[in-house]
Amino acid sequence: GAVVSQHPSRVICKSGTSVKIECRSLDFQATTMFWYRQFPKQSLMLMATSNEGSKATYEQGVEKDKFLINHASLTLSTLTVTSAHPEDSSFYICSARRGVGEAFFGQGTRLTVV
Amino acid sequence: GESVGLHLPTLSVQEGDNSIINCAYSNSASDYFIWYKQESGKGPQFIIDIRSNMDKRQGQRVTVLLNKTVKHLSLQIAATQPGDSAVYFCAENMGSGTYKYIFGTGTRLKVLA
């Protein structure tokens, strides 16, 4: 299957700083990438849909100024958590869709804000 | 809003038995469904998918059934193995060209030796 690489896998940052998470589709071009957030023992919550070359579409309740998404190329999307706070600590997962079929997921990034 | 939900949060099965994980969805416009497996600390892994014009699809040891009349999706795992222990999510594509996947609550499958 297609490979989606997410980096870093774990990151610890201080409260008030910003953190950038990268999502790359390694062997296919992804016109659309998705960013999810997952709390422990809960399901994945869609945060935003990222389309190459255009602004991301955010789900209701997700602060676009706090979670900056950039999809500069067909193989790379980034999520920047700005001015992170402890409540932003979570598991962030990206996925990339190839055409109209299945979406492939990255391995996730465990963010801990201290 | 509309969402996907699961009937059973935890399912324990004996090794070698068959497992059935259920999912109810509420969006009648959804046209594509996927089952994902997620192991602890990892991203979801694709298991099997089905389009809304089908009612059954089989893979290796897994079968997905779709009942559009009652908006129900199920995942059947044959001869469940210890490696099948994980959390399973159903996800629906909301259709109408949205290309968004909405995930259900998740079911934890525990395989007993």
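The values are calculated or read from the model by the stated rules, or taken from the named source; none is laboratory data. Keep in mind that what you see is a predicted model, and the values were worked out from it rather than measured. All Cβ positions, even for glycine, are placed from backbone atoms using ideal geometry, and neighbour counts span all protein chains on display. Surface areas here come from the heavy atoms of the whole protein model, side chains and all, with no ligands, DNA or RNA. Shrake-Rupley method; radii C 1.70, N 1.55, O 1.52, S 1.80 Å.
Quick notes
- Residue selected from the stretch B:37-70 under the condition of a type in the set (A, V, I, L, M) and outside any loop (DSSP other than H, G, I, E, B), by the criterion surrounded by the most Cβ atoms within 10 Å (Cβ to Cβ): B:Val64
- Scan of the stretch A:1-40 for residues that are in contact with a His (Cβ under 8 Å, 6 or more places away or on another chain) and of a type in the set (D, E, K, R), ordered by number: A:Glu22, A:Arg24
- Residues that are within 14 Å of another protein chain (Cβ to nearest Cβ) and at pLDDT 95 or above, drawn from the stretch A:62-72: A:Val62
- Single residue of A:Thr75, A:Thr80, A:Thr112 found to be buried (at least 17 other Cβ atoms within 10 Å of the Cβ), among the hydroxyl-bearing types (Ser, Thr, Tyr) and away from chain B (no Cβ under 11 Å): A:Thr75
- When residues of the stretch B:14-36 are limited to those that are open to solvent by 30 Å² or more (accessible area, probe 1.4 Å) and over 18 Å from B:Lys100 (Cα atoms), the one nearest to the other protein chains (Cβ to nearest Cβ): B:Asn22
- Screening the stretch A:83-103 for residues that are within 28 Å of B:Asp49 (Cα to Cα), open to solvent by 20 Å² or more (accessible area, probe 1.4 Å) and not basic (Lys, Arg) and picking the one that is nearest to the other protein chains (Cβ to nearest Cβ) gives A:Glu102.
- For the stretch A:29-58, the set of residues classified as assigned to a loop (DSSP other than H, G, I, E, B) and closer than 26 Å to B:Tyr88 by Cα consists of A:Ala30, A:Phe39, A:Pro40, A:Lys41, A:Gln42, A:Ser43, listed by residue number.
- Some residue of the stretch A:58-77 being under 23 Å from A:Phe28 (Cα atoms), touching a residue at least 12 places away in the same chain (Cβ under 8 Å) and among the charged types (D, E, K, R): no
- Flag not set for A:Gln6, criterion: part of a loop (DSSP other than H, G, I, E, B) and at the interface with chain B (Cβ under 9 Å from one of its Cβ atoms).
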